[in-house]
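First up is the structure itself, then whatever we jot down about it.
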Amino acid sequence: EKPWKKSVQFLDVVNSKDDYYRVHEDEQNEDEDDDEENSRRREDDEKDSHLFAYNNEDWREEKQEQKSSDEMVESQEKEISSDNLTEGILPFEQEQDIADMVTRKQVANLGIVERMSRVLGPGDVFDPTRTFNCSTISGLNEDHGIVLLCRTAMYFFYHIRLDIATGELQEIEIKVNKKLAFMTSFDMNDSELGPLLTIKKIRSKRDSMFSINLSDAKELEKTDDESANQKEPLRFSYDTLREVYKRQYQLQSIAIEFFLFNGSNFLLIFPKRHERDAVFDHVQNAESFQQKRQREKERLEMSNLKTDTNTQTSDTLHHIQAAQQRTAFQLVAETLGRVADSASVVTRRWVNGQMSNFAYLMFLNTLAGRSYNDITQYPVFPWILRDYESDTLNLANPAVYRDLSKPMGAQTEERALGFKKRFDTWEDPSGKIPPWHYGSHYSCAAIVLYFLIRLEPFTKIALELQDGKFDHADRLFSSIPNSWHLASESGGMQDVKELIPEFFFSSHFLMNVNRFNFHKTEKEVAIDDVLLPNWACGDPERFIRLQREALESPYVSQNLHHWIDLIFGYKQRGDAAVESLNVFYYLTYEGAEDLEAIEDEAEKESKIAHINNFGQTPKQLFTKPHPQRKPTNPLVNIYTQPDLLQPIELSRSENGIPITFLSMLSDMKPVFATGNELLIPPEFRYSIKWGFSDRSLRVLFKGELATVFEDIVCAEDGQVTCVITSNDGTTVFTGDSTGLINVWRLKTELRRDKRRPPHATMALRNRLYGHYSQITCLAHSKDYRILASGSKDNSVIVWDLNTLQLMHRLEGHMQSISCVAIHNVTGDIFIAAGQVISAWTINGELLAYVITGQSIHHSISCMSVATLRDWQPSQSCVLISGHKDGSLRFWSLCIPNSSKEVSDQKLMPMATTSTNHSKKIDDVEDNNMKVNTDTHFSPKLPSYQKRRITSNLNLFKSNSKCDVTPKNTSLKQMSGDTTLRFKLMCIKSRKHNKPVTQIHASALTHQFLWSSDTEGKILQWEIKKGKAFFLFVLYILAEHWVEEKDCLNCQKCNKAFTVLERKHHCRKCGRIYCNICSSNKAVLPEMGFGEHVRICDFCWEKNQTQDIVDEHLTNSVIFSSHSGGIDGIDDLS
């Protein structure tokens, strides 16, 4: 018998139906009504098992098939026994093989419905009326199955289909011998590249199993059978679904994309649109899904009332949700034509500088139906730069950028004339095919695989398309400068590709991490990594970060709307597309062919193959010119101007006890705890205490004991040393003195009934083993679903919370880890140990490190990362560190982008504390203090990062063609060089006389910062409204600020200004009003105000009604309303 798990998602086999019900009785705590409930369940299950009645003849046939299956299993048992005896395997060693055969026999004897029922959770039953045929996508292939919609969850079963005519469930035969298969071997011929993984095709559709070695064939067949049968059913509870959207697949409205709260997503494809719509409506109307959505809506509304920083996020689904949540007034305005569409809500955010360019492009891609789950409709991003040859990348120079107003085929005049001639001379005798400029597309499956060929599973997909072998080495993606040159100038009439999102956030696709053997070009150059521009200095991560800086630069922000017009806007079709040289083959456009109406299967398959192979144009979102982004002034907050921060003391703890926990309520009031206590968010009414002699964990409600959890630590001499919770307070992570980490699920009662005592329950989810010494610190990221743990073994382990598995071990610090923090936007991990701070990527690559001093007083005692929810420039503060000398230091991560900067800064400088009250440090190198870093930090790098480090590399003599040896394309990076550089922006000292214990930067505001120390003192830091600040504000408002001497009356109510009736400027329009007419406040990031400032009633009304201030914006953003358009915001296909 196998133990039954309530949350199981796989097909577990139990011996009998009684076991199934017995285990369910255990799960329901053996209530008094279990017998009656189980009896009812047996009756329901028997009804389900008889949904498909058989006549006597069918019953006899089924019995005969079962008998044949039993005989086959018995013969296989005998065969295994005889084979093992022949090979010298002892009888007792055969027990496992026989047990496996018995399990297979049991599974074979179970009916399809009964096997499915064993996977269903409590309260879920099989219903044929809620069962639909569908499939998932794996590369370009579809995995067929059925989706079952139940009361609490939906299930997907592989390799089963529903016969619509008879209503029977049937097994789908998996023909593994027709699948493409590969064998791998290590090639040791190149001593410089080291061992490479050579891939050899051993079977295809044309090959026979007898054409290879017999032993290999048996092993291959066994492996294929196991992999085909190990497709476990998937279960998705409705309350785990965050969003559900309709999608297109092969230009047909037959797909649904599901987004989960854990960050994952999947795509289901249905045979017909009405089946897709039925499933979509059922999920949308599910009770648990509606309840979860309502709670999220209330949380979003509350956060919008408390702060306007909620709109400044890179979360694409957040912006789509905001576009959905329109007020009644807005719906009426849309009907009257005042506001054209819901997309304009997010468009206005981008125009006003409230979201980054990357976030807006991802929003448009998602709105247009582009998805990571379908490589034929992968998100498309533009080429940004054209300078890939210079040694230094000057982002202030417009000459380094491409022309975003022209498609890739028109970047040069000569090439544009060629495409124009093709369009003008096109003739189709049938008259069915209209003229076009480009036969190939800027985004298709081949382009995605071209860029991502070094990463799985894209490598396997590319091999399947290429009949089991890589393309010729000369045609592989091996050089950034060469790929730009081909796409913009020398690619003939077929290469007009744009980029993919990975060019702006991931560097792994530029490295041959898996060590594939891509063979050599005609010039005998071995293809390995991807050659980078000179200004990247051989570092792929540096190239990606500079790409992102370029994407968010002022020049691109002012011109990106031209590219949006080409891809998603009015230049996509019609006369504007012809004039812009932007017309593609007609089958790439939505609505060009009604594939569902084509009766000839051969013709339909031919057009589907063309769509899959040659690309699909995104859905047209705008039919009028897209508005230009407004120039935005720099924000003034704790991350951009930390030198303006001044502290005030808020409170102290009783008896001066050190504060160990510090946070803020929504009304900006501090909450704190001392000793071994942690307050549970978001309401902070419950708290957790630990460190007791009985090794228990105790939950308190407003200081009073509520629940005690014993036996928290496994070891007798162990003790809980570290506790943190998730942001919503539902998950607790505990670390102990033995190095063990426990993950708990915590549930606290809301206590709506005050007569009931407070209560909490905690259940163990998993134990994480990896450290061999005491856990000292923990950090959790909800967005990336990771946990970082620091220990006295001088290492940090990064855990994947979706699988609860170890991802990376970060080593190199010479002292115990004191604190760890995770940046929620980039996923970067910051580690402090002694006097050393290091920064790592989420993939375990070292980014930068710095030594804060040599004295023990310079040791880091706490850290806090920036809480901005969207991208921030490299000049902004990203990390705040607290030290034992009572100082706070503000750090940015700068990107060296030239040979000189890399060479000058390859030796890590030591930052020293300032004796002044607040010292601004322009550059770390001004200290001119060098230390021996080996005694403080000796990082252990990943093999692929270590492989490119070269001690004798001369960057000043390198160029894009000789950054690597002539024999291969392996990247070379200077020894001692790191991707980024810590830069000390300023130091705040002499405000804390004792070591700093906690630093809190709230996500609700970017104008305040809180810190505490071992004396129990809490300081609130805020931007000083002094001379420097007002000079900065006056500089921002100089162009539209009305002078006071020119205004004698309120410009709204005409009230005369007197000594008692003061004048007030509206920070948005710059006019002067009385106090009553300018009493409202709002955040104006486009004006440089990151905090709430005074605005007049006119500007307030415009903000509240969401009218567009700029008349051009009002008339420009018009949503596509043609017959093939989106059926509302819910139908994103």
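Computed from the coordinates by the stated procedures, all read-outs in this text should not be read as laboratory data. Worth saying up front: this structure is predicted, and the values here are computed from it rather than measured. No Cβ is skipped: glycine too gets one built from the backbone with ideal geometry, and neighbour counts run over all protein chains shown.
Applied to the range 940-947, the Karplus parametrisation 6.51 cos²θ - 1.76 cosθ + 1.60 on θ = phi - 60° returns per-residue 3J(HN,Hα) values of 9, 8, x, 4, 5, 6, 5, 5 Hz, with x for Gly and Pro.
Counting Lys and Arg as +1 and Asp and Glu as -1 over every other residue whose Cβ lies under 13 Å from the Cβ of residue 841, the net charge comes to -2.
Just to confirm the filter: which GluC sites (Glu not before Pro) across the range 536-615 are DSSP coil and have at most 16 other Cβ within 10 angstrom of their Cβ? Working shown, then result.
Values: sites: 541, 549, 552, 579, 590, 593, 596, 599, 601, 603, 605; in loops: 552, 590, 593, 599.
Passing sites in the range 536-615 are 599.
Legend: residue pairs 406/460; 940/983; 754/1081, Cα-Cα distance threshold 29 Å; pairs beyond threshold, 406/460; 754/1081.
Arranged from highest to lowest average of other beta-carbon atoms within 10 Å per residue, in what order do the peptides 268-274, 154-160 appear?
Per-residue mean Cβ counts within 10 Å order the peptides as 154-160, 268-274.
For residue 402, list long-range residues whose amide hydrogen, built 1.01 Å from N in the peptide plane, is under 5 Å from its own amide hydrogen. Those lying under 5 Å, H to H, from residue 402 are 385, 386.
Spatially, the range 444-512 and the range 523-583 are offset by 15 Å when compared through their Cα centroids.
What separates the Cα centres of the range 233-271 and the range 138-154 is a distance of 9 Å.
Within the shell defined by Cβ-Cβ distances under 11 Å, the residues around residue 827 carry a net charge of -1, with Lys and Arg each +1 and Asp and Glu each -1. Residue exposure proxy: 611, 1076, 202, 527, ordered by other Cβ atoms within 10 angstrom of their Cβ from fewest to most, comes out as 1076, 202, 611, 527. Taking the number of Cβ atoms within 10 Å of each Cβ as an exposure proxy, the fewest-first ranking of 722, 1047 is 1047, 722.
For the pair residue 372 and residue 127, the difference between a 0.36 nm per residue extended length and the Cα-Cα distance amounts to 85.0 nm.
Stretching residue 396 away from residue 182 to a fully extended chain increases their span by 72.1 nm, per 0.36 nm per residue minus the current alpha-carbon distance.
Mind checking which of 372, 483, 410 is farthest towards the positive end of the range 361-497's charge dipole, using Cβ charges of +1 (Lys, Arg) and -1 (Asp, Glu) about the Cα centre? The one lying farthest along the dipole's positive direction is 372. Exposure proxy for 315, 711: other Cβ atoms within 10 Å of each Cβ, ordered fewest to most, give 711, 315.
For the range 464-615, rounded, prolate or oblate, judged on the Cα gyration tensor with a ≥ b ≥ c (square roots of eigenvalues), a/c < 1.5 rounded, else prolate if a/b > b/c?
Oblate is the answer for the range 464-615, as a/c is 1.5 or above yet b/c matches or exceeds a/b.
Positive contributions from Lys and Arg (+1) and negative ones from Asp and Glu (-1), summed over other residues with Cβ under 13 Å from the Cβ of residue 377, come out at 0.
Sparse packing (at most 12 other Cβ atoms within 10 Å of the Cβ) combined with a DSSP loop state is found for the following GluC sites (Glu not before Pro) in the range 653-761: 710, 716. Calculated on the Cα set of the range 356-614, radius of gyration then Dmax: 18.9, 59 Å.
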